[in-house]
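Bear in mind that the values in this text are calculations on the coordinates, not laboratory data. Quick caveat, the model's predicted, so the values are computed rather than measured. With ideal geometry, Cβ positions are generated from the backbone for all residues, glycine too; neighbour counts draw on all protein chains shown.
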Amino acid sequence: MFKKSLLLFTALLISQFAQAQFGKILDKAKEKVGLDVPLSQEEAGNGLKEALNNGIGEAVDFLSAKDGYFKTPYKILLPEEAQKVVTKLKAVPGFSNVEADLTERMNRAAEDAATKAKPIFVNAIKKLTFQDALNILMGNTDAATRYLEKTTFGPLYAEFKPIIQTSLDKVNAREYWKSSVTAYNKIPLVTKTNPELDDHVTKMALKGMFSLVEKKEQGIRTNVGLRNSDLLKKVFAKQDKK
């Protein structure tokens, strides 16, 4: 009787194991032929977080490198109200190159500040709920970027601005700009001005950051070749079918 029970129990275990293995094989087969495989909430959340971490890491590393802003499409230019200052100053001795000098200094400051962005982004990603992840996954091609912009812009601005101020001072940009504005305001008949550089550089640095994050997001949504893990392939395959 004991032997029969043991044999029956063993047969049951083997049967359950075989069913589990068959289920895995069937799922893989379904993936191969493009059939829908159920996506769990946990997979959706983890897959989206992996994609965001990868994209943010690449964006931050790119922009924080030398010339990450200065020699790329994310280059920060002088604020519009400053253009009239530099135009007038071109004729003033000692200030003929003020626009080029300030532009480089502003972009170097932004590159310094970009190094501090990653922990803030990572913290926001950790707070994503499974439902947030699923909504983003099935949302617009910029849904993740807009979510991050909404949840991180304030903390990023607060973190970036003092670093940018310090970085601008390190390359003497704010003092240089102050002397430029002083020289400009001495020109007869001009309207006196004093546009702030640090606020402008901070906002434009963040605009460039989110633009690059959006580009990374759209890349993984549309380019299957960028999905470099099984989880990413499975998660974004669901988005492909929407």
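Ranking Glu43, Glu111 by Cβ neighbours within 10 Å, fewest first, what do you get? Show your work: numbers first, answer last.
Working: Glu43 17, Glu111 20.
Ranking Glu43, Glu111 by Cβ neighbours within 10 Å, fewest first, gives Glu43, Glu111.
Kirkwood hydrodynamic radius, segment 188-242, all distinct C-alpha pairs: what's the number in Å?
On the way: mean 1/r = 0.0685 Å⁻¹.
Over segment 188-242, the inverse of the mean reciprocal pair distance is 14.6 Å.
Among rounded, prolate and oblate, which fits segment 48-171 when a ≥ b ≥ c are the square roots of the eigenvalues of its C-alpha gyration tensor, a/c under 1.5 means rounded, and a/b larger than b/c means prolate?
Numbers: a/c = 2.90, a/b = 2.49, b/c = 1.16.
Prolate, because a/c is 1.5 or more and a/b exceeds b/c.
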Review point. Going by how many other Cβ atoms sit within 10 Å of their own, how do Glu42, Glu99, Glu217 line up, fewest first?
Key: Glu42, Glu99, Glu217
Practice item. Taking a cut-off of 17 Å between Cα atoms, list the aspartates and glutamates near Lys233, but don't count ones fewer than 8 places away on the same chain. Key: Asp27, Glu31, Asp36, Glu42, Glu43, Glu50, Glu217
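Under 15 Å from the Cβ of Asn123, count the other residues' Cβ atoms, weight Lys and Arg +1, Asp and Glu -1, and hand me the total.
So the surrounding residues net to +3.
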Review point. Going by a ≥ b ≥ c, the root eigenvalues of the Cα gyration tensor, does segment 104-242 fall in the rounded group (a/c under 1.5), the prolate group (a/b larger than b/c) or the oblate group?
Key: prolate
